[in-house]
Structure formats: structure tokens, C-alpha cells
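The values are calculated or read from the model by the stated rules, or taken from the named source; none is laboratory data. Because the structure is a prediction, the values reported are computed rather than measured. Backbone-built Cβ (ideal geometry, glycine too); neighbour counts: all protein chains shown. With ligands, DNA and RNA removed, areas are computed over all heavy atoms of the protein, side chains included. Shrake-Rupley method; radii C 1.70, N 1.55, O 1.52, S 1.80 Å.
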Amino acid sequence: MSDRGLVANGKVFLLATILLLTSAFVPARPGWKYVFPRDHAAHPAFKTEWWYYTGHLKAGDGRTFGYQLTFFRVGVPPGAPRGPKASRWRASDVHLAHFAVTDVGRSAFKFHERLQRGGVGLAWALPDRYEVVNGTWSARLDGTTHRLTARGGGEAIDLALTSLKPPVLHGHDGVSRKSACPSCTSHYYSLTRLRTRGTLTVDGARVPVEGLTWMDHEYGSNQLGDDLAGWDWFSVQLDDGSELMLYQLRQADGLPVPESSGTFVRPDGTWTHLPLDAFTLVPTDTWTSPHSRARYPMGWEVEVPRERLTIRIMPALEDQELRTGASTNETYWEGAARVAGTRAGRPVRGDGYVEMTGYAGRFKARL
């Protein structure tokens, strides 16, 4: 075969591969009707899915902690045959997980990560009921109770979570938009206030704890725009019973993606969508990681005028950076924060979690 023929065949193969990658999964489309508890479970028709738990825990002696437990499922396009003759090593998904604990009093932060392929009994996310497992780490639904387990090094959690509010649906008409392209959408909801009880192990010592957790579940197939450099995400739980979620996606030029948005949740569980022009988010300081040399914003003034909300978010600890070379291969900051301000003229306080990506290098959207 001539060189020209090889090039032509190569282009055909590349085109076929692109079509396979894009057609193997469905995009998140408007009109999605959420059904619970069904939608806590996995959605294999979508390429990317994650379950995010971030929470604040308190021990009987007054010590306070933050924790993060995240499970990622990434779909693999069809390849080897299915059925009785399919190899047991054939994987339809890759499963990643991150686990971190912030010991506020000791100014200590520990994180762990996992990467497993599906199909061989090491990791799975079931589509017919909520059970996500990565080795010995798991998130399950037992009746109406979320049960979380994870262990890494000297840190571990064994927690039971009960939602105090119904799920909050982000965006409009069943989709959360991340960019202007038609397929840059996801299905995204949160459980914004989960009463949490159980045990936390820190440096090998097991401690009874209780507190509040925030849970995010998001799934889609092509939700991130090509010009994305990273994002800043915030969850806030206030002592007046309200909650706030904001995400500000950043373009390569540093400007926010116009589709950045948020949601304000009232004490009675009702919520309001917040487009980008409905809030302001102003960094107040910076911190440079001694590990990655990335420079992050550190401290934020947030205002939501229509809700008469003005708050300041401050990190509980500056060094809460995850460097996940063995799983997502991204360096990002995710950590516990303290919140104080006013709502409708009255003082409010609370806790929050903040995630920042793209500061240690442009986010590469590997998931």
C-alpha cells in the first residue's frame, strides 16, 4: 500500500475512533426527570460520573475535622465483545477515588487516592441501586441512610448520613450548563445538609464524631468547554439553615465562563438558581503551595444581593492541596473552610468546602 493510502486509512481510522468515542455515550439533555433514590445509582449511558462527599466533623473533646470522599466513574467505549465469551478483564468503566482528612487543630492534612478498572471485582458502581465501591472504600444507601467507609494510611471513616432536606436540582430543566456548546451540560444535584454520625480514625486513633456533610452527584458526557482552564467551586452550610453552592469556571484568559452559576437553598428546602450576574466572588488573599508552587486564591468575599447575603469564606487550613499523580493526575486544592457574614441584616456563621482546579497548570479534563 502507498504512503498516501496509509495516510488515508489512518485518517479514516482516526475519524472512526472519534465517532466511537463521542457516540458511545449520551449527552445530558434538557427535560431529564430526576427520580430518587434511583438517580443516586450509576448512569452507565453517560461517560463521566462522580459522587462527592465533603463534611465537617466534631469529636466529643471539641476537636474539629474536615473530610472528603469522592468516587469517579469514567466510561470506556465498547471494545472487546460482551457475553459469555467476554474476558473477565474486559472493563466498561475505570474507577478513581480520593479520600482526604483535615485535622484543623493540628493543622494537618492527609490525602489518599485509588485507581481501579471495573470488570474484575475490584471496583464498581451499580446502576440498579446505590452502591459505589473502590477496593475497601464504599458509598452505599441503606434504606434512607448513606453509609461511607474508607481507609488510607492512619486515616479512616465509617459514617452514617441522613439527609435533612430533599435533593436540590442545579440549573434549569434538568441540566446544569457549563459552556455555550449544546452538549456542555450535566445532570447535577446535591444533598446539601446530611446529618452525620460515626467514627473517624486519625493517626491510628479511632474517635466518635458527628457533624454535617454535603453530597454532590453529577453525570454527563461532554460537559466541559474546550477553553476551560479550571474552576472554583464552593459549598456553604449556614447556621440559619440555608445553603449556598457556587461554581465559577475560568477560561484560558482568566475570565469567568458566562455559564458559571450557583444555587441558594432556603431553610425550608426550596431553592433559587443563581446566574453569574446574581453573585460576586472576590478573592482576598493568595497562598503559594510549597509542594507544587501553584498560587491559589485564599479567602473570598461573596455577595448574593437578591438573598441579602454577604459572607466571607476563609480556609480552615491553607495547605489542603491534593496531588493525585496515581489517579486523575491533577493537582488541585480541596478543603474545609469557615464562613461568617450576614443574611438579611442578621449575623450568620457556618462551614464550607472549596475546590480549586487549574492553578498548578491548565486543567486537562482527563475524566
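Quick one: Karplus J couplings for region 184-189, per residue in order, coefficients 6.51, -1.76, 1.60, θ = phi - 60°, nearest Hz, x for Gly and Pro?
Karplus-based 3J(HN,Hα) across region 184-189 equals 7, 9, 9, 9, 8, 9 Hz.
Could you give the length gained by full extension between SER292 and ALA180, i.e. 0.36 nm per residue of separation minus their alpha carbon distance, to one decimal place?
Answer, rounded to one decimal: 37.1 nm.
Taking the mean number of other Cβ atoms within 10 Å as a proxy for protection, how do you rank 254-266, 197-209 from highest to lowest?
The peptides rank, most packed first, as 254-266, 197-209.
Where the accessible area of region 162-237 is counted over protein heavy atoms with a 1.4 Å probe, how much of it, in %, is carbon and sulfur?
54
Under the rule of -39500 (n - 2.57) per DSSP H run of 4 or more residues, summed and divided by the residues of the chain, what mean residue ellipticity at 222 nm is obtained, to the nearest 500 deg cm²/dmol?
So the helix-based figure for the chain works out to -2000 deg cm²/dmol.
Label 7 Å along Cα→Cβ of ARG206; region 129-158 residues with amide nitrogen under 12 Å?
Counting backbone N atoms under 12 Å from the label point, the list is 156-158.
Nearest 10 degrees, 0 to 90: what angle lies between the long axis of helix 3-23 and the longest principal axis of the chain (Cα atoms)?
40
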